[in-house]
Amino acid sequence: SQQGEEDPQALSIQEGENATMNCSYKTSINNLQWYRQNSGRGLVHLILIRSNEREKHSGRLRVTLDTSKKSSSLLITASRAADTASYFCAKLTYHNAGNMLTFGGGTRLMVKP
Amino acid sequence: EAQVTQNPRYLITVTGKKLTVTCSQNMNHEYMSWYRQDPGLGLRQIYYSMNVEVTDKGDVPEGYKVSRKEKRNFPLILESPSPNQTSLYFCASSIGGVSYNEQFFGPGTRLTVL
């Protein structure tokens, strides 16, 4: 089962604009992570926000987490054509003997030069 | 170079022919996992392993087996592949523990079962 959904499923913007992607989830989480995937390739970790954090920054990335609404957002500022990729949120939850990372369906971002 | 490697990268096989996809990491990570990625469904976890000889089912374990005899290796075994297992498979690893785990992903294995 997918823990959450990304919104929008696809986003097309011009270079220089900001891109905002949202992620919702259903059950309690330990932390939430955002990953990037270039077409057909492995995922690359971008940023991790813990359940007791509300906002985190990394370069042009800003992630917020609202545990009361069970949602998170990823903001990419001053987007570049190289930011074109799919972005996934992933929720870390406790599961049986260990923990599980559950991914959403992703947002496909296209940044036009 | 710290990395997760998978082999093969591409594989076309036929229904019922047993196959193994290997995964190896050189970062001394405790936690390893397998995912499959299908259009519109995102990534779904198949199996994960917290450490040597400790494995557990993820969301979609049916039709798959895994083993963790060594810390660095986590092979995915399809005993009798079927066409619905055609997918893009990713192996990932992380330091472990119960939180704060950044996953490192392999390059993926594209499997087609005819």
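The values are calculated or read from the model by the stated rules, or taken from the named source; none is laboratory data. Just so you know, these numbers come straight off a predicted model, no measurement behind them. Positions of Cβ are backbone-derived with ideal geometry, glycine not excepted, and every protein chain shown enters the neighbour counts. With ligands, DNA and RNA removed, areas are computed over all heavy atoms of the protein, side chains included. Shrake-Rupley method; radii C 1.70, N 1.55, O 1.52, S 1.80 Å.
A Gaussian network model of chain B, with springs between Cα atoms under 10 Å, assigns the largest mean-square fluctuation among B:Asn73, B:Asn51, B:Asn28 to B:Asn28.
Around B:Gln45, what is the net charge, scoring Lys/Arg as +1 and Asp/Glu as -1 over all other residues with Cβ under 12 Å from its Cβ?
On the way: positive: A:Lys91, B:Arg36, B:Arg44, B:Lys57; negative: B:Asp56, B:Asp59.
Result for the neighbourhood of B:Gln45: +2.
Cβ-Cβ distance of B:Arg110 and B:Glu70, R₀ of 22 Å, FRET efficiency by 1/(1 + (r/R0)^6): the value works out to about 0.30.
Of the residues B:Thr15, B:Thr55, B:Thr86, the one that moves most in a GNM of chain B with alpha-carbon contacts below 10 Å is B:Thr15. Counting Lys and Arg as +1 and Asp and Glu as -1 over every other residue whose Cβ lies under 11 Å from the Cβ of A:Asn99, the net charge comes to 0. Relative contact order for chain A: 37 percent, from Cα pairs under 8 Å spaced at least 6 residues apart, divided by residue count.
Bridgeable lysines around B:Lys18 (alpha carbons under 16 Å apart, same-chain partners fewer than 8 residues away excluded): B:Lys65.
Pairs of Cα atoms nearer than 8 Å and 6+ residues apart set the relative contact order; for the range B:38-114 it is 22 percent.
With Cβ to Cβ distances under 10 Å as the rule, what net charge do the other residues near B:Ser87 carry (K, R +1; D, E -1)? So the surrounding residues net to +2. The A and B chains share an interface that buries close to 2100 Å² of accessible area, total over both sides, probe 1.4 Å.
Highest GNM mean-square fluctuation among A:Tyr94, A:Tyr35, A:Tyr25, for chain A modelled with Cα contacts below 10 Å: A:Tyr94. In sequence order, the range A:47-52 has phi-based couplings of 7, 10, 10, 7, 5, 9 Hz under the Karplus curve 6.51 cos²θ - 1.76 cosθ + 1.60, θ = phi - 60°, and Gly or Pro positions carry x.
Pairs of Lys residues in chain A, spaced 8 or more positions apart or belonging to different chains, with C-alpha separations under 24 angstrom: 9 in total.
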